[in-house]
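These notes are about the structure you will find just below.
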Amino acid sequence: MIGAGYVGLVTAVGLAELGHTVELTERRPDRLAALRSGRVPIHEPGLQTAFEQALTAGRLSVSERPTIGAEVAMVCVGTPIGPDGQSDLGQLRTALADLAPVLGPQVPLVIRSTLPPGGTQLVIAWAGVPAAQVVTNPEFLRQGSALADFRQPSRIVVGRSPSAAPETFALVIDLYDRIETPRLVVDVASAELIKNGANAFLALKLSFANELAGMAETYGADIDDVLGGIAIDPRIGSQYLRPSFGFGGSCLPKELLVLAASGAARGLPMQVATAASAANATSQARFAARIAEALGGLERRRVAMLGLAFKAGTDDVRNSPAIAVSAALLDGGAEVVGYDPQANGNAAAELPGLRVADGAAAALAGADAAVIATEWPEFAVLDWASLRPTMRQSLVLDGRRLLDGQRLRALGYRYLAVGSPETAP
Ligand code: UDX
């Protein structure tokens, strides 16, 4: 397993749990040091325990470079967006170079990293192995529930070239032989578009829900009723339709850009994916403007940003809407004090002007407004009654519809939420 990030580490531990012996390699010194000291360097529920169990069982080892002649070689390095809007496959090239000396001639080279359309052909060229030997195995793990998603995936997708020998990709499918779930064996181009398309569609759903939230605010509707009445149609469904001021993470925003860029490269305008991207940025800017308007301006105002991670359950701030809105408020002259149960460190590194507090109460003290930016359950059970006198103004803007507005208004707060008009001062 090459790469011990959010996907590689979870997959390595998951495969060890399934009874396989895994050598996990990681180039990043900070991550390698943590793993060698027995500590997982990312926050994922259940991962530390499962990691320790795999080490104790002797099914997992950690190294800087691949050493063993494996029966299956799997690559799980990052493929972030480069400055040109295309996928940066630099880490992939490095991984393939590290693997080359130890990759046996018949050993399936499995790419689990997210590849853009056409990416597998590049891997085949860079790896210098026959197309028949390269197999893709995209993952659908959500951060914050990655281990659970590995143990019970909605499907296993294997992409292979027409020339691939059945035993080659059978070896890959058999890695998961104890997992009950549909298995899809498709050609590599289809596997790429399954992954890219799935993420882009999830992003579409959210951008549409968030645009409707804006309509509900301005036309005096309640977005929960609106989406409830729409989602009841089984063709639409209620999953993954929770409105907010925007979505983030290392995948969804990137996937929309990759799909648009990969389409444009072949003369396809990809208007829907492009619009979903733009709508997500607009949604976040609109929320920042709503905060500024509710405050009567940002100069000399202090905003407590409750939540900095891109979603609850993770310490990751990549493309976090909470960070984007904090940056906009700072640019507008406000002081922003943030608190996140897991992401304080990552957020402070990401946004230098941001102050971070070691608790919600500390962030709220003296604040003119409280913003719910990440749906951490602990924010819903804060003692809002006793916190109100510690704030300078009693304004709450709920970017995730996490709190009970009626209750906060009864406590004397001015409460605004994404997707609801302001009915009471
Ligand atoms: C996503 C996909 O779900 C996963 O299948 C893929 O492998 C990687 O990308 P991830 O980004 O880790 O997973 O988390 P996810 O739970 O999908 O959340 C992504 C963003 O959407 C977060 O900002 C989250 O707050 C937001 N979101 C999610 C909503 O705003 N509403 C929802 O209903 C669901």
What do you reckon, is Ser250 closer than 17 Å to Gly419 by Cβ, within 11 Å of the ligand (Cβ to nearest atom) and either modelled with pLDDT of 95 or more or open to solvent by 20 Å² or more (accessible area, probe 1.4 Å) (or both)? no
Specify the residue that is nearest to the ligand (Cβ to nearest atom); the eligible residues are those in segment 320-352 that are surrounded by fewer than 16 Cβ atoms within 10 Å (Cβ to Cβ) and over 24 Å from the mean Cα position of the chain (by Cα). Asp331
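So if I check each of Arg160, Arg142, Arg178, Arg155, which one is under 20 Å from the mean Cα position of the chain (by Cα) and either over 30 Å from Leu402 (Cα atoms) or of a type in the set (Val, Ile, Thr) (or both)? Let's see the steps before the verdict.
Details: Arg160 fails: under 20 Å from the mean Cα position of the chain (by Cα); Arg142 fails: either over 30 Å from Leu402 (Cα atoms) or of a type in the set (Val, Ile, Thr) (or both); Arg178 fails: under 20 Å from the mean Cα position of the chain (by Cα).
Testing whether each residue is under 20 Å from the mean Cα position of the chain (by Cα) and either over 30 Å from Leu402 (Cα atoms) or of a type in the set (Val, Ile, Thr) (or both) leaves just Arg155.
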Answer with yes or no whether Ala261 is open to solvent by less than 30 Å² (accessible area, probe 1.4 Å), aliphatic (A, V, I, L, M) and assigned to a helix (DSSP H, G or I). yes
Output the residues belonging to segment 83-113 that are more than 21 Å from Asp174 (Cα to Cα), hydroxyl-bearing (Ser, Thr, Tyr) and within 19 Å of the chain's Cα centre (by Cα). Ser87
In segment 85-114, residue nearest to Thr274 (Cα to Cα) [restricted to those that are touching a helix residue (DSSP H, G or I) at 6+ places or on another chain (Cβ under 8 Å) and of a type in the set (D, E, K, R)]: Arg112
Within segment 302-314, can one find any residue that is surrounded by fewer than 21 Cβ atoms within 10 Å (Cβ to Cβ), within 15 Å of the ligand (Cβ to nearest atom) and in contact (Cβ under 8 Å) with a residue 40 or more places away in the chain? yes
Of the residues Ala200, Ala191, which is touching a residue at least 60 places away in the same chain (Cβ under 8 Å) and either open to solvent by 20 Å² or more (accessible area, probe 1.4 Å) or within 12 Å of the ligand (Cβ to nearest atom) (or both)? Ala200
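Does segment 173-232 hold any residues that are out of contact with any Asp or Glu (no Cβ under 7 Å at 6 or more places or on another chain), of a type in the set (Gly, Ala, Ser) and assigned to a helix (DSSP H, G or I), and which are they? Let's see the steps before the verdict.
Step one: filter segment 173-232 for residues out of contact with any Asp or Glu (no Cβ under 7 Å at 6 or more places or on another chain), giving 173-195, 197-198, 201-202, 204-215, 217-232.
Still in the running and of a type in the set (Gly, Ala, Ser): 189-191, 197-198, 207, 209, 213-214, 220-221, 228-229, 231.
Listed by number, the residues that qualify are Ala189, Ser190, Ala191, Gly197, Ala198, Ser207, Ala209, Ala213, Gly214, Gly228, Gly229, Ala231.
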Could you list, in sequence order, the residues of segment 203-243 that are within 10 Å of the ligand (Cβ to nearest atom) and on the phi > 0 side of the Ramachandran plot? Tyr240
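A quick yes/no check of all residues on (1) more than 17 Å from Cys76 (Cβ to Cβ); (2) within 16 Å of the ligand (Cβ to nearest atom):
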{"site": "Ile124", "(1), (2)": "yes, no"}
{"site": "Gln133", "(1), (2)": "yes, no"}
{"site": "Pro138", "(1), (2)": "no, yes"}
{"site": "Gly144", "(1), (2)": "yes, yes"}
{"site": "Ser154", "(1), (2)": "yes, yes"}
{"site": "Phe169", "(1), (2)": "yes, no"}
{"site": "Asp174", "(1), (2)": "yes, no"}
{"site": "Pro182", "(1), (2)": "yes, yes"}
{"site": "Val185", "(1), (2)": "yes, no"}
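The values are calculated or read from the model by the stated rules, or taken from the named source; none is laboratory data. Given the structure is predicted, the values throughout are model-derived calculations rather than measurements. Ideal geometry is used to build each Cβ from the backbone, glycine not excepted, and the neighbour counts take in all protein chains shown. Just so you know, the surface numbers come from the protein's heavy atoms only, side chains and all, with ligands and any DNA or RNA stripped out. Shrake-Rupley method; radii C 1.70, N 1.55, O 1.52, S 1.80 Å.
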